[in-house]
1. Please state the shape class of the chain: rounded when a/c is under 1.5, otherwise prolate if a/b exceeds b/c and oblate if not, all from the C-alpha gyration tensor.
2. Between residue 8 and residue 39, what is the FRET efficiency for a Förster distance of 35 Å, r being their Cβ-Cβ separation, to the nearest 0.05?
3. Residue by residue through the range 17-23, which ³J(HN,Hα) values in whole Hz follow from phi under the Karplus form 6.51 cos²θ - 1.76 cosθ + 1.60 (θ = phi - 60°), with glycine and proline marked x?
4. Using a simple charge model, +1 on the beta-carbon of Lys and Arg, -1 on the beta-carbon of Asp and Glu, nothing else, what dipole does the chain show about its Cα centre, in debye to the nearest 20?
5. For the pair residue 1/residue 62, report the inter-label distance in nm, with labels modelled 7 Å from Cα in the Cβ direction.
6. Could you give me the ³J(HN,Hα) list for the range 28-37, computed from phi with Karplus coefficients 6.51, -1.76, 1.60 and θ = phi - 60°, whole Hz, x at Gly and Pro?
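Since every read-out is calculated from the coordinates, none of them should be taken as a lab result. Keep in mind that this is a model prediction, so the values were computed, not measured. Virtual Cβ from ideal backbone geometry, glycine too; neighbours counted across all protein chains shown.
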Amino acid sequence: MEDVGINTEFIKLDQFLKWVGACDNGAMAKGFIIDGFVKVNGNVEYQRGKKLRNGDIVEFDQKQYKIIQNS
């Protein structure tokens, strides 16, 4: 599992996938989310605007990312 630090209260799921380099652009991220390829905290997530906060775990493409809010 990879820890990913954010400097804000939350980050939206589609933005997060771009941030970590899992997707090249927003349209690609949106497609993967809508098609059910992304899990948040163990559940398939279909909302590209889902707000990710400290401690959330995102699973995509056989990788896991944990959101860490930087102080």
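1. Prolate, because a/c is 1.5 or more and a/b exceeds b/c.
2. Efficiency for this residue pair is about 0.95.
3. Listing the rounded values in order: 4, 5, 4, 7, x, 6, 9 Hz.
4. In total the dipole reaches around 200 debye.
5. For residue 1 paired with residue 62, the spin-label model returns 2.0 nm.
6. For the range 28-37, the Karplus-derived couplings read 5, 4, 4, x, 5, 5, 4, 7, x, 8 Hz, x marking Gly and Pro.
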